[in-house]
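What follows draws every value from the coordinates through simple rules; no lab data is involved. These figures come from a predicted structure and were not determined experimentally. For neighbour counting, all protein chains shown are included, and Cβ atoms are generated from backbone atoms with ideal geometry for every residue, glycine included.
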Amino acid sequence: MTKLVELRREGAIAVIMVDNPPVNALKHAVRHELMQAITEARDDAGVDALVLGCAGRTFIAGADISEFDQTPRPPSLIDLITTLDAVPKPTIAAMHGTALGGGLELTLACHFRLAAPGTRLGLPEIKLGLIPGAGGTQRLPRLIGIERALPMILSGEPIGAQEALRIGLVDAIVEGDLIGAAVDFARAVVAEKRPMRRVRDMEDRLAPMRADPAAFTEFASGLTKRPRGLQAPLAAIEAVRWALDMPIDQALARERAKFMELREGEQSKAQRHIFFAEREAAKVSDIAGIKPREVARAAVIGAGTMGGGIAMCFASAGIPVTVVESSAEALTRGRDTIAKNYRHSLARGALAPDEMERRLERIRGATDLEAVGDADIVIEAVFEEMDVKQRVFGALDRLTKPGAVLATNTSYLDVNAIAQSTQRPQSVVGMHFFSPANVMRLLEVVRGTATAPDVLATAISVGRRLGKVPAVVGVCHGFVGNRMLRARSIEAERILLEGALPDEVDAAIVEFGFPMGPFAMGDLAGLDVSWRMRKSRGQRAIIADALCDLGRFGQKTGQGFYLYREGSRTPLPDPQVERLIVEASKGLGIVRRRIDKAEVIERLIYPMINEGARILEEGIAQRSGDIDVIWVYGYGWPAWRGGPMHHADRLGLARIRDRLTALAEQSDDARLRPAGLLEQLVASGGSFGSLALNSGRS
């Protein structure tokens, strides 16, 4: 068997190297060999100091999350850290790439920490519904202070090496040969007899808040204003408070117990599900090993909200991009908006001035479609009408170079029909970005019937380069996300007609965990977008269409389902809308009644799950986890509920089937009848998570 940990001697310095590609995760075998190496070096009288480093592209990037649901096997990470912490010789961690989670906690048991330039350090456990469980909530505050440690723990975001040096998380940044420099550092520590302070014994950084406990409460409360049902942030604050209130060994024991409690809870299981589902979503079995096409330059057709945001994605990823508009005025508006967005990032401290200039320089404007001639990928982001898109693609077919990938950003329309307007349908793919495109992480990659394997691979690869989470889907109206959203919208309107008001429906969904409800979201997106889509398909939404007929398109007009005061995005209930809804109910002969939050949630969520089952049945999505990823990253589904299909499995499919059956009978709406797949899973005792549908083609 290949050894995962190497112990070698550089004179009197023991060098321990972990080599578990790709990210040196602390799986059981690594922990076992690491424990052997540490104890051997500790007990070797010829060893004066220990250096801990890693082979490959990164330091230890955390625990092996796949082991979380397995029976623990010793040595645990706690055992490893306890042993390292007690070594009576100088210990030096030499970090590069990323030092995350358990990897960073391991370094906190060392006396000294060195980092290569560009190293990123963090405790991302909060993103999995957990807290650091191997001393992170106790040692990190002692090393850098609660004011810096608690935000790191609550955000889960890593910091750079320079910031880590500034706050005292690392002792030095070393250029060149990291391990060689660490060995030299170790020799200097030994020769100079530098004091070996254990992080666990550092108390001075805690003294100010120990003297003023109210200061901790005030500081922590400012960091958790919108937990929206999340348990882990509150648990993290509680754990860090223990650093002030009790001896460290007692606090470490409590930290571990709280970690285990969260690990067994539904929220962490849901968030871990999303963690793994995200990594699976872009995998397509029949393109495994297919090499993507080279993409050095891009073009975006349209400089509006979506087009401008997509252009920013390319520029931010270091890819030069040409933005094409139909007029100089429209192009100027678009570029001004892009610059404004970057200036906003600059003002927040999220972007350096020189980096902003570099990104702006990568964006070239043009009013002649021939400017796309040198692009390796072209993304169309024009008006959501089929004839408009087909005209654009017909022109792109003539003007782009052979081998260019032609992508449409359509959110609803038939990618196959768009592809047929070209002589190279194999080069056409859907790349559905979500608004605002420069912020939202989801990318629905829509595989058309003719889409070539390397074109699909290119769209996935480009999505990842842009920092997106690609999910491959097939062709149908609305693909996955918007098709399920349509099912929710139909039921939301029905609930209004039966007795609820927009703010009551939205309040129920926000309480469920969404950042906003369906009616506030519609106002934000613009009610006219869905209105035009419905009219093109001969569909009608009684309330929403009546609002649009009055020119109430949402925030853009200051009126929609809600009122908006000038300069404000805060939705205010509107008596005029309530009258319109009540009159519509009366006109349909509906006797209005009170609808409680539990009913609202069931009636909005269950039809979505049902539509998700149909999507799986039809092979539009490959896996139920793909649907969950789309809804978490594109539509604000609370990650701690794991996505709609995971949520369905946790609730019980029989319960959902029975409720849908009752709703279908009450409303006489065939769309609410349980999907065939849902019925099959109930009959077999199966679950969405157990499915292995691998088609993905429409």
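Helical runs (DSSP H, four residues minimum) scored at -39500 (n - 2.57) apiece and divided by the length of the chain put the mean residue ellipticity at 222 nm at -14500 deg cm²/dmol. For the chain, the alpha-carbon radius of gyration amounts to 1.05 times the rule-of-thumb value 2.2 N^0.38 Å expected for a compact globular protein.
Between residue 565 and residue 336, the C-beta separation translates, for a Förster distance of 25 Å, into a calculated FRET efficiency of about 0.50. Determine, from the Cβ-Cβ distance of residue 586 and residue 441 and an R0 of 56 Å, the FRET efficiency 1/(1 + (r/R0)^6), rounded to the nearest 0.05. Efficiency for this residue pair is about 0.80. Pairs with C-alpha atoms separated by more than 28 Å, drawn from the list 27/89; 27/127; 258/283; 401/468; 401/556, are 258/283; 401/556.
When the chain is described by a simple charge dipole with +1 on each Lys and Arg Cβ and -1 on each Asp and Glu Cβ, the residue from 612, 233, 53 located farthest towards its positive end is 612.
The DSSP beta bridges internal to the range 295-473 are antiparallel in roughly 15% of cases.
Per-residue 3J(HN,Hα) values for the range 339-349, derived from phi via the Karplus relation 6.51 cos²θ - 1.76 cosθ + 1.60 with θ = phi - 60°, read 4, 4, 4, 5, 5, 5, 5, 4, 5, 7, x Hz in sequence order (x marks Gly and Pro).
In a reduced charge model with +1 at each Lys and Arg Cβ and -1 at each Asp and Glu Cβ, the range 33-157 shows a dipole moment near 440 debye about its Cα centre. Charged neighbours of residue 461, selected by a Cβ distance under 13 Å, balance to +3 (K, R count +1; D, E count -1). Counting other Cβ atoms within 10 Å as a rough exposure proxy, the listed residues 422, 451 run 422, 451 from fewest neighbours to most. Rounded, prolate or oblate for the range 225-302? Axes are the square roots of the Cα gyration tensor eigenvalues, ordered a ≥ b ≥ c, and the cut-off for rounded is a/c under 1.5. Since a/c reaches 1.5 and a/b is larger than b/c, the shape of the range 225-302 is classed as prolate. Counting 0.36 nm for each residue step from residue 361 to residue 280 and taking away their Cα separation leaves a gain of 25.7 nm. Once backbone amide H atoms are built at 1.01 Å from N, residue 13 has 48 as its partners under 5 Å, excluding neighbours fewer than 5 places away on the same chain.
Our estimate of slack between residue 155 and residue 669, defined as 0.36 nm per intervening residue step minus the Cα-Cα distance, is 180.6 nm. Projected onto their three principal axes, the Cα atoms of the range 378-437 cover extents of 31, 20, 16 Å, largest first. Using only side-chain charges placed at the Cβ, +1 for Lys and Arg and -1 for Asp and Glu, the dipole size of the chain relative to its Cα centre rounds to 280 debye. Ranking 580, 174, 681 by Cα position along the charge dipole of the chain, where only Lys, Arg, Asp and Glu carry charges on their C-beta atoms, puts 580 farthest toward the positive end. With neighbour counts taken as other beta-carbon atoms within 10 Å, the residues 582, 591 rank, fewest first, as 591, 582. What FRET efficiency comes out for residue 55 versus residue 32 if R0 is 22 angstrom and r is the Cβ-Cβ distance? Round to the nearest 0.05. Between residue 55 and residue 32 the formula returns 0.80. With the Cα gyration tensor of the range 500-592 giving a ≥ b ≥ c as the square roots of its eigenvalues, does the rule (a/c under 1.5 for rounded; else a/b larger than b/c for prolate; else oblate) give rounded, prolate or oblate? Verdict is rounded for the range 500-592. Summing charges over all other residues whose Cβ lies under 11 Å from the Cβ of residue 319, with Lys and Arg as +1 and Asp and Glu as -1, gives +3.
To two decimal places, what compactness ratio does the range 432-570 give when its Cα radius of gyration is scaled by 2.2 N^0.38 Å? Intermediate values should be presented prior to the final figure.
Details: Rg = 17.2 Å, N = 139, 2.2 N^0.38 = 14.3 Å.
Relative to the rule-of-thumb radius for its length, the range 432-570 sits at 1.20.
Partner lysines whose Cα lies under 19 Å from the Cα of residue 535, excluding those fewer than 8 positions away in the same chain, are identified as 389. Database remark: amide H of residue 365 closer than 5 angstrom to the amide H of 323 (H placed geometrically; neighbours at sequence offset of 5 or more, or on other chains; Pro and chain starts carry no H).
The angle between the Cα long axis of helix 248-263 and the main principal axis of the chain comes to about 30°, on a 0 to 90 degree scale. Close amide H partners of residue 54, meaning residues 5 or more places away or on another chain with modelled amide H under 5 Å apart, are 18.
Taking Cα centre as origin and charging only the Cβ of basic (Lys, Arg, +1) and acidic (Asp, Glu, -1) residues, the dipole magnitude of the range 500-592 rounds to 420 debye.
Of the DSSP beta bridges with both residues in the range 5-263, give the percent that are antiparallel, rounding to the nearest 5.
Numbers: 8 of 27 bridges.
Around 30 percent of the beta bridges assigned by DSSP in the range 5-263 are antiparallel ones.
Among 301, 356, 276, whose Cα projects farthest towards the positive end of the dipole of the range 268-404, with charges put on the beta-carbon of Lys, Arg (+1) and Asp, Glu (-1)? Final value for the positive-end residue is 276.
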